[in-house]
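Engineer: One structure coming up, written as structure tokens, with questions to follow.
Values in this text are rule-based calculations from the coordinates and carry no lab data. No experiment lies behind these values; they were computed from the predicted model shown. Heads up, the Cβs are rebuilt from the backbone with ideal geometry, glycines too, and the neighbour counts pull from every protein chain shown.
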Amino acid sequence: MGYLLPTEYVQYGLTTETTDDWVTMASALMEAHCRRASLLVTQYVERMRFTAGAQTVRLSYRPLTAAAGAATALVAVRVRYGRPRRGEMADPAREQIAWAFSVPGSWNVLDVASVDVDAATGELTFAQNFLGLNYNEAEITYTAGVATVPVAVKVACAQIVKNAQATPAMNVKSSRMDTMQMEYFSGALIDAQVQALLRPYVAERLG
């Protein structure tokens, strides 16, 4: 989808001759740069290991935003006591207790309300269970993105279009933009200003 509406082209500095394919191209480049399918509210599933001795994980996509009608951005949380990796078995006796009370590798569903969420940083904190044991792996289903396109994203989209239109090799009359051409020029089109505008939406732990 395009992050600028046709009625907003002139408002954000584009000419009246600007066609929708320019904005579609710019929007696709923004999503690729941020390493996400969309900047709008989208559901993601992440499986991650806890750092040995810690009970926190940080999600890759932000801002965390509840979907329409939902009370929280967390949709589902599963945890397990997976077999520890080399160097992670700080207390073998406690690990044996964990394996006795749950089949090693089996997933347990947690109430999302029991997980502390820091919406600003995307950090989740899990409480220890009644045995005082720590989980070592979690699978989190959650929603992240913007419900309405913010001004910064619209400015970034318009700037990419202007950068593209100012690049002679791309400033050609065509009914569509070629994908390989987009990739070739992406480094020049997403300049430092655009990168700064998109920084809050870049996935942090991927790639």
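Engineer: Distance between the C-alpha centers of segment 145-169 and segment 4-37? Whole Å please.
Structural biologist: Each part reduced to its Cα centre gives a spacing of 5 Å.
Engineer: Name the residues whose placed amide hydrogens come within less than 5 Å of the amide hydrogen of V75, ignoring near sequence neighbours (fewer than 5 apart) on the same chain.
Structural biologist: HN-HN under 5 Å from V75: T141, Y142, T143.
Engineer: If you don't mind, another one. Sorting T16, T143 on the 10 Å Cβ count, fewest up front, what's the list? Don't skip to the answer; put the middle values down first.
Structural biologist: Working: T16 7, T143 19.
Ascending Cβ contact count within 10 Å gives the list T16, T143.
Engineer: Please arrange R47, R78 by counting, for each residue, the other beta carbons lying within 10 Å of its beta carbon, fewest first. Mind showing how you got there, number by number?
Structural biologist: Values: R47 9, R78 17.
The most exposed by this proxy come first: R47, R78.
Engineer: Here's something else I'd like to know. Beta carbons within 10 angstrom, averaged per residue: use that to sort the peptides 58-70, 149-161, highest first. Walk me through the numbers on the way to the answer.
Structural biologist: Details: 58-70: 16.5, 149-161: 20.4.
Going from most to least packed, we get 149-161, 58-70.
Engineer: Quick one: net charge around Y201, please, counting Lys, Arg +1 and Asp, Glu -1 for every other residue with C-beta under 15 Å from its C-beta. Mind dumping the intermediate values first?
Structural biologist: Working: positive: R35, R36, R62, K154, R199, R205; negative: E31, E204.
Every neighbour counted, the sum reads +4.
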